[in-house]
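Heads up, the thing below is written out as structure tokens.
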Amino acid sequence: MNIVVLGAGAIGSLFGALLSKKNNVILIGRTSHVNAINKNGLSIDGKTQLNVNVSAVDSVNSMPFSVDLLIVIVKSYDTKSAIDQAKQIIHDRTVVLSLQNGLDNIKAIEHVVERRQIIAGVTTHGAFFSKPGCIKHTGVGKTVLGELDGESSERIKNIGNIFNLAEIETVVSKNIIKEIWIKAVINSCINPLTAFFGCRNGHLLENPILEKIVENVCEESTSVANAYGIKLSYQDMVNKTKEVIRETSENYSSMLQSVRKGKKTEIDSINGALVNIGRTYSIDVPLNEILVPLVKTFSEQ
Ligand SMILES: NC(=O)c1ccc[n+]([C@@H]2O[C@H](COP(=O)([O-])OP(=O)(O)OC[C@H]3O[C@@H](n4cnc5c(N)ncnc54)[C@H](OP(=O)(O)O)[C@@H]3O)[C@@H](O)[C@H]2O)c1
């Protein structure tokens, strides 16, 4: 399969490296990373040890092949501009996969790509950008892919198989939108609190006041999901959130990492999106509402 990874950062480079063993892969990333890859190959260390010679470019010009699968894996605040730049390589039969976190990526991609061409996914793999050309695989996880309308199409099964053949453990879901919401609800509890308090994920359950705030944010975010038509039980969501916190207790969340680097965060696509959707359905979300500007005090004034 001819695959282009749009946004070769931490997770995009990891998936690109794994997929490149059995597919034609081109990574689109920033110049320093692209130059390092073209000079010394792409190195993955940590849970996966790999050095691959994969093609990498820093701008979307013409591709040497017709793109079958475009994996969009930029941070959610870059989705609109990235997909806009990539539109010249997207043809009628290109499938566009958003593997990102956040609730607004599909809408952003739909500005440029027809909905029938879009599929989505979530992954619990963890990866970290060590330096140009080098990625650390910090956690082995699972990946879920699905058609937006839930159909078990041949193309989604085929892409799932290609991921599994690349040793990216993947299942196909008949309700990928629900999977995206589950991840957003969990992230809405963990990411802003760890970013604001500058703590490891596990600290949220070590402090009873923070644990209570996690439960309250979870209740708000779950109510928004339910109002939107995604049926989730509060008890399930709070259990899942605490399970993720325990499993990742030593980790620093991606939002905290962004704050520490002085970079923009995905807060608008997670808690911000929940606030906007909550408003549409007259659901009160005071905690989500305050978490958005609190996180922005660090990197976006
Ligand atoms: N990392 C993880 O463990 C993980 C796990 C699960 C899900 N996710 C999700 O996956 C998505 C990507 O996360 P990440 O951690 O891999 O982010 P990342 O390391 O920041 O990677 C994104 C890369 O894309 C680059 N980029 C942005 N716009 C571009 C464009 N138009 N053309 C070329 N390159 C462009 C960024 O450059 P700049 O930095 O210069 O903007 C960055 O190098 C997020 O939605 C995240 O929540 C991440």
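The values are calculated or read from the model by the stated rules, or taken from the named source; none is laboratory data. Computed from a prediction, not measured in an experiment: that's the story for all the values here. Heads up, the Cβs are rebuilt from the backbone with ideal geometry, glycines too, and the neighbour counts pull from every protein chain shown. The protein model used for the area step is the full one, side chains on, heavy atoms only, and it has no ligands, DNA or RNA in it. Shrake-Rupley method; radii C 1.70, N 1.55, O 1.52, S 1.80 Å.
Using the 1.4 Å probe convention, the accessible area of the chain works out to 46 Å² per residue with neighbouring protein chains retained.
Here the label points at Glu215 and Asn161, each 7 Å from Cα along the C-beta direction, are separated by 4.8 nm in the simple model. Note on the range 2-174: the C-alpha convex hull projects to 8.6 nm² when averaged across all orientations. Applying 0.36 nm per residue to the separation of Gln49 and Gln235 and subtracting their alpha-carbon distance, the gain on full extension is 63.1 nm.
Given axes a ≥ b ≥ c from the Cα gyration tensor, I'd like to know whether the range 143-301 is rounded (a/c under 1.5), prolate (a/b larger than b/c) or oblate. Since a/c reaches 1.5 and a/b is larger than b/c, the shape of the range 143-301 is classed as prolate.
What is the local net charge at Gly202, summed over the other residues whose Cβ is closer than 9 Å to its Cβ (Lys, Arg +1; Asp, Glu -1)? Walk me through the numbers before you get to the answer.
On the way: positive: Arg200, Arg246; negative: Glu206, Glu250.
So the environment of Gly202 carries a net charge of 0.
In the chain, taking the dipole from charged Cβ atoms about the Cα centre, the farthest positive-side position among Ser55, Asn191, Ile213 is held by Ser55. Within the listed set Cys199, Cys218, Cys189, the Gaussian network model of the chain (springs between alpha-carbon atoms below 10 Å) gives the highest mean-square fluctuation for Cys199.
If you take the beta carbon distance between Glu169 and Arg279 as r and set R0 to 30 Å, what does 1/(1 + (r/R0)^6) give as a FRET efficiency, to the nearest 0.05? Write down the numbers at each step before the final one.
Details: r = 38 Å, r/R0 = 1.26.
E(calc), rounded to 0.05, equals 0.20.
Of Lys131/Lys242; Lys231/Lys296; Lys212/Lys242; Lys75/Lys242; Lys47/Lys157; Lys75/Lys296, which pairs sit farther than 23 Å apart, going by alpha carbon to alpha carbon? Don't skip to the end; give the middle numbers.
Numbers: Lys131/Lys242 32 Å; Lys231/Lys296 30 Å; Lys212/Lys242 11 Å; Lys75/Lys242 25 Å; Lys47/Lys157 26 Å; Lys75/Lys296 16 Å.
Those over the limit are Lys131/Lys242; Lys231/Lys296; Lys75/Lys242; Lys47/Lys157.
Considering helices alone, the calculated mean residue ellipticity of the chain at 222 nm is -14000 deg cm²/dmol, with DSSP H runs of length four and up weighted by -39500 (n - 2.57) and normalised per residue. Sites listed here are GluC sites (Glu not before Pro) in the range 106-201 whose DSSP assignment is loop and whose Cβ has at most 16 other Cβ atoms within 10 Å: Glu114, Glu151, Glu167, Glu169. Remark on the range 1-79: ratio of C-alpha radius of gyration to 2.2 N^0.38 Å is 1.00.
Based on the Cβ-Cβ distance of Phe65 and Gln85, what FRET efficiency does E = 1/(1 + (r/R0)^6) give at R0 = 22 Å, to the nearest 0.05? Given R0 = 22 Å and the Cβ-Cβ separation, E is 0.75.
According to the square roots a ≥ b ≥ c of the eigenvalues of the Cα gyration tensor, what is the shape class of the range 113-228, taking rounded for a/c under 1.5, prolate for a/b larger than b/c otherwise, and oblate for the remainder? The shape class here is oblate.
Students often check this: by mean Cβ neighbours within 10 Å, which of 191-198, 28-35 ranks highest, and how do the rest follow? Write down the numbers at each step before the final one.
Details: 191-198: 21.5, 28-35: 18.4.
Ranked by mean Cβ neighbours within 10 Å, highest first: 191-198, 28-35.
Largest to smallest in accessible area, the residues Arg200, Arg279 fall in the order Arg279, Arg200 (1.4 Å probe, all protein chains included). Given a 1.4 Å probe and every protein chain left where it sits, what share in percent of the accessible area of the chain is carbon and sulfur? Answer for the chain is 48 percent, counting heavy atoms of protein chains only.
Which of the three applies to the chain, rounded, prolate or oblate, going by the alpha-carbon gyration tensor with a ≥ b ≥ c and a/c under 1.5 meaning rounded? Cα axes put the chain in the prolate bin.
For Glu151 and Ala227, the FRET efficiency from 1/(1 + (r/R0)^6), where r spans their Cβ atoms and R0 equals 35 Å, is about 0.85.
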